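Scroll down for the structure; my scribbles are underneath it.
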């Protein structure tokens, strides 16, 4: 049975087919992610997330090319998102000046928490379709063509909705971005 047949059974909720697909690709996907991340534990977690997402979205999942290519691309996207997140965390660490007992100052933690709330609120206030496109792109790491296929819209519509989302978010978060630039000395 090939991957396409397994995917067809998975779409019908066949747990055994999912287990077979998982076992067939898990080790190679972990090696792929570990090559990018240099951490096996994180690589295993990301691959498990990719496979879990495949199971969750099994009924609506659109795979244009091979299942193997889809899984490798999804794993690569998750690994890149993880690396971006680590980079952001590393860049923000110097802003957190520890107090004498080694804990970050409460001010910096509070500002970060407030920024997180402001970002979530700004995303939540986007128009429904715009928010949906933004979250699929930025939070799930989907390509515009995948989003278009999932939502049944054109790639141009996806591009337009992402442009609108980014403009609205920049405008709504401008005060926060200006504060960060001032603190960074920009």
Between a residue in the stretch 50-61 that is in the same structural domain as residue 6 (by TED's automatic domain parsing) and any residue that is surrounded by 11 or more Cβ atoms within 10 Å (Cβ to Cβ) and part of a loop (DSSP other than H, G, I, E, B), which pairs come within a Cβ distance under 8 Å, given they are 6 or more apart or on different chains? 53/140; 54/61; 58/13
Residue tally, condition under 12 Å from residue 62 (Cβ atoms), surrounded by fewer than 16 Cβ atoms within 10 Å (Cβ to Cβ) and in contact with a helix residue (DSSP H, G or I) (Cβ under 7 Å, 6 or more places away or on another chain), over the stretch 145-163: 1
Can you pull out every residue in the stretch 61-91 that is surrounded by 14 or more Cβ atoms within 10 Å (Cβ to Cβ) and over 18 Å from residue 137 (Cα atoms)? 67, 68
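Please pick out the residue among 168, 117 that is in a helix (DSSP H, G or I) and either in contact with a strand residue (DSSP E or B) (Cβ under 9 Å, 6 or more places away or on another chain) or at pLDDT 80 or above (or both).
On the way: 117 fails: either in contact with a strand residue (DSSP E or B) (Cβ under 9 Å, 6 or more places away or on another chain) or at pLDDT 80 or above (or both).
Exactly one residue qualifies, and that residue is 168.
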Tell me which residues, restricted to the stretch 121-144, are closer than 21 Å to residue 85 by Cβ, out of contact with any helix residue (DSSP H, G or I) (no Cβ under 7 Å at 6 or more places or on another chain) and not in a helix (DSSP H, G or I). 139, 140, 143
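The values are calculated or read from the model by the stated rules, or taken from the named source; none is laboratory data. Since the model is a prediction, treat every value here as computed from it, not as a measurement. So basically every Cβ, Gly included, is an ideal-geometry build from the backbone, and we count neighbours across all protein chains shown.
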